[in-house]
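None of the figures in this text is laboratory data; all of them are computed from the coordinates on show. Model, not experiment: these values are computed from the prediction. In this analysis, Cβ positions are derived from the backbone assuming ideal geometry, glycine residues included, and neighbour counts consider all displayed protein chains.
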Amino acid sequence: MSLLSTLSDLLKGCPRNIKRRLLRDILLILFITSGAILAIVLIQGIKSQHDISTSLIIKANKQAGIHFQSFSEPLANTIALLGKWGESGLLKLNDPELLATQFQALMEIQPKINAISLADTDGNDTRLSHYKNQWLLHRHQKSESFSSLWVAGKSINEQLITDDSHNPVTATWFRGALTMNSEKQFFLTYPYSLESTGEKGITASLRWTNKQNQLEKTYISAISFTMKNLMNFMEQLEITENSRILLLQSDATLPGHIRNNNLSTTNSEQFLTAVIEKFKSNPLHTNQAVSIKSNDKTWWLGFSPLSEANDDVWVAIVIPEEDIFEDLYKHWLRFAMIVGAILLTGIIMTIFLVRRYSHQLRDIPQQHINMLGVENEITALIRAGESTTLEFKSTMRTNLRTGKTGKEIEIAWLKTVAAFMNSDGGILLIGVDDTGKVPGIDVDNFANEDKCRLHFKNMINTHIGAEFTRFIHLKIVTIKEKTILIVECERVRRPVFMSIGKQEDFFIRSGPSSIKLSMSQMVKYLGER
């Protein structure tokens, strides 16, 4: 018996003997069990993917927040220092050169600062900015604006700006600082084009009062930084080897650039578009991870506000799937190989055991016929001939010699049914003669199948008992245009008697025949059964 022939039988749905049927069933159990294990692992793996990705994204968002704090904290300290200087009377708005000197010193210490401004509620303003290795001084007084270069602590080439519409009182950073509940709270603007350079940037501003001035005038000090500097700083954060960081405004526009990572411009645009679309289509939850497909790769990403004080700018952490699950994939491959090895070992052991016990398996009685390959099954049974578990009867009720219905014909097959049930079970084929020919049951002249079944049922109820019908199964099939009856009899643990009139007899199978036992023989048989 080969595995290929067994699988062939399995595909046909009609294994020809008990060995192959047993082998088929065990192999099915092995495959189903292995498939169930793999399915559970796969489902759990998908859930684990999301859980692991979410956990990593949440951790990355926290890292991004901490990283931004290391960027913003020195700036916050600088703006707080400006407030303290102002409260102490050290910042003099009417002395722009002194202010420029002080601002330059702070900006050289904190090169991330692009510009520092000081303004009052009267619309006076002094601003020092750094752009392309040049220091630019801008001041606004009495509705007039002046611009000059700041070189070696002096203002040179000062020019009057006649078309300047700048008024600090109307600026977002100025008005925002005035709305803060406390003078210790600073205000962050939405990314906008900075007045000094035109670059996209953010301004932080703080309101304070000059306590040395009896009028206690309100001032606003502000520092600005560019999105480019912020982006360069944020890109220093490495979550994984191939992770990316993207800054997004709340309206899903891009205030900064991401690293190209050797991708072509077209691929980069596709990647950015995929991230932006996901940003638009999903609620802005910081504790979720979502996936996108771009450049034939799967990416996991999460969004979080740049700072708790301002949700106008969001950080997108984007991580390629292979960076997250590289180790997990290795574990899955190892697990799949182990399952495959176990399955292969199980198949080899099953074949070995079935072959080892083939002789014992050959003795196992057949009690059922597979209807998917019924013709092959019947042919194989007829070829094997009558046995302890198989018997042939030509008709159900007609005596072929006389051509008339005979009670003795019905009693004969009923004895066989009772004997099967008292022994190891078996199959009775009605419509097959002792030589193995198949004349069918047409001579019984049943009007239809229902009449045949009803007659069979009445015979069982009358002579064996209605309580045993659940152990007897009648099937009517057509083989080579001949109708035959298949009676499958199960083994019954309690004794089954055959009633003929007022007499009850006990039959068992002995070889290919049914024999009647005496009372003492029956008692001994049942005791040893």
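Annotation: the residues Glu144, Glu235, sorted from fewest to most other C-beta atoms within 10 Å of their own C-beta, follow the order Glu144, Glu235.
In order along region 198-205, phi translates into HN-Hα couplings of x, 6, 6, x, 10, 10, 9, 10 Hz, rounded to whole numbers, per the Karplus curve 6.51 cos²θ - 1.76 cosθ + 1.60 with θ = phi - 60° and x for Gly and Pro. With the simple model of a label 7 Å out from the Cα in the direction of the Cβ, Thr172 to Ile348 spans 7.1 nm. Using only the Cα atoms of region 45-341, build the gyration tensor, take square roots of its eigenvalues as a ≥ b ≥ c, and label the shape rounded, prolate or oblate: rounded if a/c is under 1.5, else prolate if a/b is larger than b/c, else oblate. Since a/c reaches 1.5 and a/b is larger than b/c, the shape of region 45-341 is classed as prolate.
Extension gain for Glu467 to Ile37 (0.36 nm times residue separation, less C-alpha to C-alpha distance): 150.5 nm.
Using the Cβ atoms and a cut-off under 15 Å, what net charge is assigned to the surroundings of Ser510, where Lys and Arg are +1 and Asp and Glu are -1? Charge balance in the 15 Å sphere: 0.
Cross-link pairs exceeding 29 Å between alpha carbons, from the set Lys407/Lys524; Lys480/Lys516; Lys437/Lys475; Lys415/Lys482; Lys437/Lys502: Lys407/Lys524; Lys480/Lys516; Lys437/Lys502. Charge tally for Phe68 (other residues, Cβ to Cβ under 14 Å; Lys, Arg +1; Asp, Glu -1): -3. Under the simplified labelling scheme, the Asn232-Glu322 pair shows an inter-label distance of 3.1 nm, with each label point 7 Å from Cα along Cα→Cβ.
The 3J(HN,Hα) values that the Karplus relation (6.51, -1.76, 1.60; θ = phi - 60°) gives for region 90-99 are, in residue order, 7, 9, 10, 5, 7, 10, x, 5, 5, 4 Hz. Gly and Pro appear as x. So what's the net charge close to Thr218: Lys and Arg +1, Asp and Glu -1, counting the other residues with Cβ under 11 Å from its Cβ? Neighbourhood net charge equals -2.
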